[in-house]
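Chemist: I have a structure I would like to understand better, so I am pasting it below and will then ask my questions one at a time.
The values are calculated or read from the model by the stated rules, or taken from the named source; none is laboratory data. Computed from a predicted model, the values in this text were never measured in an experiment. Neighbour counts run over all protein chains shown; Cβ positions are idealised from the backbone, glycine included. Heavy atoms of the whole protein, side chains included, go into the accessibility calculation; ligands, DNA and RNA do not. Shrake-Rupley method; radii C 1.70, N 1.55, O 1.52, S 1.80 Å.
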Amino acid sequence: MTIALTQIPGIGPSTAKVLAENGFKSAQQLAGTTIAQLAKVPGFGTARASRAINAAIELLAAAGESTAKAAQTTKRPRRTAQKPAPRPTTGTKADTDTKETKMKKLTKKEQEKLKKAAAKKAAAKKAAAKKAAAKKVAAKKAAAKKAAAKKAAAKKAAAKKAKEKKAKEKKAKEKKAKAKKAKAKKAKSKKSKK
């Protein structure tokens, strides 16, 4: 009995269509392939290929079919799982090539989804930078305003103090002059009495 690809967990109608276009039309065929062969299908890397094969094997086991029978149905030789190639160092040309290769393997829908997510992330980053810049400008403006107000208050206080000092000095001078005048008047009066 042939089991449909869509019965395998993680494989929807669009993925099943891509698999069918690449020669995998049933769960038996998928279970009988190798990771390397499945990784060649667009949208599949080694990790996803491994998960899909294991899910197909588990589904067949649950349905009562052995992997050996599945392998015979597909007429594909079963090989041991190949280790994925070591990941290149981030920032190198190899890393860029790997990203481009991964993008090519994805379906058009998945590529659009990734592009949208990247655009959203870039927009959020730009908005955060704009917000931070605006906050910095506002803080600078507020600090300048505070400093100007402090300077004006200090100037006003200094002017008031100077005015008060001048008035005090004038009063003291007038008092001294009055006292001197009174003293001179008293002395003159005393002199005229003699």
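Chemist: Within region 50-63, identify whether any single residue is under 40 Å from the mean Cα position of the chain (by Cα), open to solvent by 60 Å² or more (accessible area, probe 1.4 Å), modelled with pLDDT under 85 and more than 23 Å from Glu110 (Cα to Cα), and answer yes or no.
Modeler: no
Chemist: Here is a list of conditions, (1) within 24 Å of Glu112 (Cα to Cα); (2) open to solvent by 50 Å² or more (accessible area, probe 1.4 Å); (3) modelled with pLDDT of 90 or more, and Gly10 meets all of them except one; can you say which number that is?
Modeler: Failed condition: (3).
Chemist: I've got another one for you. At pLDDT 90 or above, among the β-branched types (Val, Ile, Thr), out of contact with any helix residue (DSSP H, G or I) (no Cβ under 6 Å at 6 or more places or on another chain) and farther than 28 Å from Glu112 by Cα - does that describe any residue in region 34-44?
Modeler: Yes - at least one qualifying residue is present in region 34-44.
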